[in-house]
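Okay, so here's the structure we're looking at.
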Amino acid sequence: MKNIYDYTLSELENLFVYLGYKKFNASQVYDWIYKKRIKSFNEMTNVKKELIDYLNENFILGSIEVVERQEDIDVAKFLFRLEDDQKVEAVYMHHDYGHSLCISTQVGCNMSCAFCESGRLKKRRDLKTSEMVEQILAVEKELNLRITHIVLMGIGEPFDNYDNVMKFIDIVNCGKGIELGARHITVSTSGIVPKIKEFAKSDKQVNLAISLHASNDELRRKLMPIDKAYPLDTLMDAIKEYIGKTNRRVTFEYIMLDHVNDTKENALELVNLLKGMNCYVNLIPYNETSHIDFKKSSQERIMNFYDILKKNNINVTIRREFGSKVSAACGQLRANHEEAK
Ligand code: SAH
């Protein structure tokens, strides 16, 4: 069986035309599954019986299910079971600007970042496009609201699952589907240079975030093995190329790790690295996890770091902290779940 949520509108149109149906039947089906959120193809009252039969025989309407939900103020975390019994998670966050959802792109992750929970469990497989789309649909149903912002910052490296992620963006962005504005979608990468270049050419209007986390190669290499393959100068060149092509502002994520990457020297190095670039830095208070030794920088160290960037005209914000009670660091819920077994 195929999963209907794997299909972009144009793929569905092509399929229907190929089968002898009309192109507009695809828009009708899209309307039923994404606007009306039906649970069975039989509910599509304006679609021919014959096409409904075809869909029932060949397609499933989704495959993932919510197996656990944890809540705290303004945050809710969901653990999903996939059809092969693998688990991934998504985190809902309530912001003053809207309802944001952080979704997973892979089962596990191969990037092996020293501070990250997701990477402790190696990648088992990529998520299918439908499994990413369904995380949104499932959370909207659970919370009875419409998500307004998507960040691809859950478990996995989006650019290590590039094709499925690009298709996911098309489906979510489609006016006849979930209809989320491209500017409300953010893809975050640890820095896979060839994919950043490909992404620059792809003409997608979504936001790009780069997990930087260090101000020099020596330090970054210790935290993020990907730096060995793509050191900072290559990474920065690719990002400049992206900015040149798209004219879009890039976000740099920088986790604040106590006495690891949060010194005055680090801040000044960062200023040098980013000076004159169309970018902003998001300082992220580290979300401590029981399995990893890094500690979160003190409020004072974060503020000092922030001030140095600010004084040197780097756009900078400090990320609001969510959900330390709900094991909200990427991969924590899944890791706890796996270890309990
Ligand atoms: N692989 C992608 C996206 C997933 S991680 C990437 O690396 O960008 C999303 C972000 O959360 C990354 O910036 C990652 O470094 C960060 N992160 C991972 N573990 C964290 C933790 N315990 N606390 C805070 N941020 C964390």
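Values in this text are rule-based calculations from the coordinates and carry no lab data. For clarity, every value in this text was computed on a predicted model and none was experimentally measured. Glycine gets a Cβ as well: all are built from the backbone with ideal geometry, and neighbour counts include every protein chain shown.
Helix 129-143 versus the longest principal axis of the chain: what is the Cα-based angle in degrees, 0 to 90, to the nearest 10?
Tilt of helix 129-143: around 90 degrees.
Could you state the angle between the C-alpha long axis of helix 9-18 and the longest principal axis of the C-alpha atoms of the chain, as a value from 0 to 90 degrees rounded to the nearest 10?
Its long axis makes an angle of about 30 degrees.
Starting at the first residue of the range 179-187, write each ³J(HN,Hα) from the Karplus equation 6.51 cos²θ - 1.76 cosθ + 1.60 with θ = phi - 60°, in whole Hz, x for Gly and Pro.
6, 8, x, 4, 6, 9, 10, 10, 9
Placing +1 at every Lys and Arg Cβ and -1 at every Asp and Glu Cβ, with all other atoms neutral, what dipole size does the range 2-60 have around its Cα centre, in debye to the nearest 20?
Charge dipole of the range 2-60: 220 debye, to the nearest 20.
Quick one: which of 76-82, 140-146, 231-237, 165-171 comes out on top by average Cβ neighbours within 10 Å, and what's the full order, highest first?
Details: 76-82: 20.7, 140-146: 12.9, 231-237: 16.1, 165-171: 22.4.
Result, highest mean first: 165-171, 76-82, 231-237, 140-146.
Expressed as an acute angle from 0 to 90° and rounded to the nearest 10, what is the orientation of the C-alpha long axis of helix 299-311 relative to the principal long axis of the chain?
That helix lies at roughly 90 degrees to the long axis.
Among 88-95, 43-50, 65-72, what's the highest-first ranking by average C-beta atoms within 10 angstrom per residue?
88-95, 65-72, 43-50
Considering the dipole of the chain built from charges on the beta carbon (Lys and Arg +1, Asp and Glu -1) around the Cα centre, which of M132, F80, V67 is farthest to its positive end?
M132
Rounded to the nearest 0.05, what FRET efficiency do N282 and S202 give with R0 = 25 Å and r taken as the Cβ-Cβ distance? Could you check?
The formula returns an efficiency of 0.60 here.
Using unit Cβ charges (K, R positive; D, E negative) and no other charged atoms, how large, in debye to the nearest 20, is the dipole of the chain about its Cα centre?
Numbers: 48 positive and 49 negative charges, 123 e Å.
In total the dipole reaches around 600 debye.
Which of the listed residues, N56, N46, Y21, is farthest toward the dipole's positive end in the range 2-60, when Lys, Arg count +1 and Asp, Glu count -1 at the beta-carbon?
Checked the options; the winner is N46.
Roughly how big is the range 56-212's charge dipole about its Cα centre, with Cβ charges of +1 (Lys, Arg) and -1 (Asp, Glu), in debye to the nearest 20?
Charge dipole, the range 56-212, about its Cα centre: 500 debye, nearest 20.
Using amide H atoms built in the peptide plane, which far-off residues or other-chain residues are under 5 Å from E68 H to H?
Answer set, sorted by chain and number: L79.
Residues with beta-carbon under 14 Å from that of Y242, excluding Y242: net charge, scoring Lys, Arg +1 and Asp, Glu -1?
+4
Amide H neighbours of V316 under 5 Å, at least 5 residues apart or on other chains, H built in the peptide plane: list them.
Distant-sequence amide H within range of V316: V281.
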